[in-house]
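Just so it is clear, none of the values below were taken in a lab; they were calculated from the coordinates. Given the structure is predicted, the values throughout are model-derived calculations rather than measurements. Here Cβ is always computed from backbone atoms with ideal geometry, including for glycine, and neighbour counts include all displayed protein chains.
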């Protein structure tokens with residue numbers, strides 16, 4: 001009868017991780033268990049295959065160190081530029097993102113008298129949060145507040161446009177950054 | 001029955017001894033001392049000392065990347081990236097640790113990440129469209145030379161393993177690391193390594209049967 005305990009022991013046996021007593025116990029079990037013996041044989045086959053393959057250690061082409069040196073030089077030379085691009089992307093993305101929210105806030109105030117959301121509701125909601133933070137009512141009010149804010153934002157296409165634009169701009173910048181930070185151009189390697 | 005089992009174990013022991021020469025890379029105490037000198041010099045900004053490290057470890061690092069990624073171009077790129085990462089992380093290197101173990105740890109993690117990214121990667125911008133890729137697919141001389149490697153049974157088998165299992169298997173067989181060493185290199189527990197190797201062997205045995 002196959003036993004997980006013994007099949008795991010077979011694996012450990014291949015790695016010389018069993019003490020003599022455990023080996024003896026495993027051998028005794030294998031002698032009387034055809035299923036485990038079959039597992040042993042299939043694992044032994046894999047083990048032999050791997051040992052055979054491990055005899056060959058792959059080596060890089062000649063000039064690995066020189067290619068690495070060239071790559072390191074390239075990376076070091078381009079590092080400051082990358083930092084500036086990263087900072088620029090971050091700045092643009094952040095500005096766009098927050099400007100979207102700032103404009104949405106402005107529109108919120110402009111439309112304070114409108115039906116979507118009253119500025120007083122916002123104020124009251126915030127006050128409730130501070131006054132009774134642990135109560136269920138607070139939770140309900142927060143949800144209500146978020147719901148109303150959400151409804152208001154959905155009703156403003158300009159805000160959506162700004163949010164989408166800012167997200168897209170950030171993504172584009174990050175993508176450009178990713179492409180630029182890849183391995184040096186092939187021409188550098190060909191000059192070696 | 002005992003005879004059969006003893007024979008099986010004996011053949012395994014013989015094979016194990018046969019691979020020891022290649023996988024261990026003949027690291028002597030003198031070499032280790034020399035590596036520590038290079039590592040300390042590199043930490044102080046001596047780039048020539050770091051190049052000595054690259055020269056000494058290019059083969060084991062490249063071999064690990066090749067066994068993990070299964071492609072010579074990717075292995076070259078990954079090996080170089082490993083050394084770049086090592087260069088930028090030099091300050092964090094602890095001299096108590098073996099330099100080879102530290103480098104192989106960086107290489108393993110990098111390859112695991114790379115394989116994971118590859119698995120979830122969508123169509124990349126710099127990839128050729130399928131029709132162009134087919135049209136431009138000319139057999140390169142180096143590709144022809146490596147065809148036998150690419151279609152190697154063991155490589156195909158390794159490809160069937162999850163990244164973590166593959167790393168543990170490669171470190172066990174190609175570097176003859178103990179469970180403790182593999183656990184340290186892959187930054188996990190010994191029991192996890194034991195389990196990964198067991199599962200890897202099970203999966204490989206199943207893959208062999210289906211071939």
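General remarks:
- Gyration tensor verdict on the stretch B:61-115 (Cα atoms; rounded if a/c is under 1.5, prolate if a/b is larger than b/c, oblate otherwise): prolate
- Three-way shape label, the stretch A:4-54, alpha-carbon gyration tensor, a/c 1.5: oblate
- Whole-angstrom gap from the stretch A:22-50 to the stretch A:56-74, using each part's C-alpha centre: 43 Å
- For the stretch B:149-211: rounded, prolate or oblate by the Cα gyration tensor [a/c cutoff 1.5]: prolate
- In terms of other Cβ atoms within 10 Å, A:15, B:96, B:46 run from fewest to most in the order B:96, B:46, A:15.
- Whole-Å distance, taken between Cα centres, linking the stretch B:156-211 and the stretch B:69-93: 21 Å
- Cβ-derived FRET efficiency at R0 30 Å, residue B:96 paired with residue A:85, nearest 0.05: 0.20
- Debye log10 I(q)/I(0) for the stretch B:27-120, one point scatterer per Cα, at q = 0.11, 0.12, 0.19, 0.22 Å⁻¹: -0.31, -0.36, -0.84, -1.07
- In this rough spin-label picture, where each label sits 7 Å from Cα along the Cβ direction, the residue A:140-residue A:5 distance is 5.8 nm.
- Relative exposure of B:158, A:153, judged by other C-beta atoms within 10 Å (fewest first): A:153, B:158
- By other beta-carbon atoms within 10 Å, ranking A:18, A:90, A:26 with the fewest at the front produces A:90, A:18, A:26.
- Label-to-label distance, nm, for residues given as residue B:190 and residue A:154 (7 Å Cα→Cβ offset): 5.8 nm
- Between residue A:164 and residue A:28, the contour length at 0.36 nm per residue exceeds the alpha carbon distance by 42.1 nm.
- Under the simplified labelling scheme, the residue B:31-residue B:160 pair shows an inter-label distance of 3.4 nm, with each label point 7 Å from Cα along Cα→Cβ.
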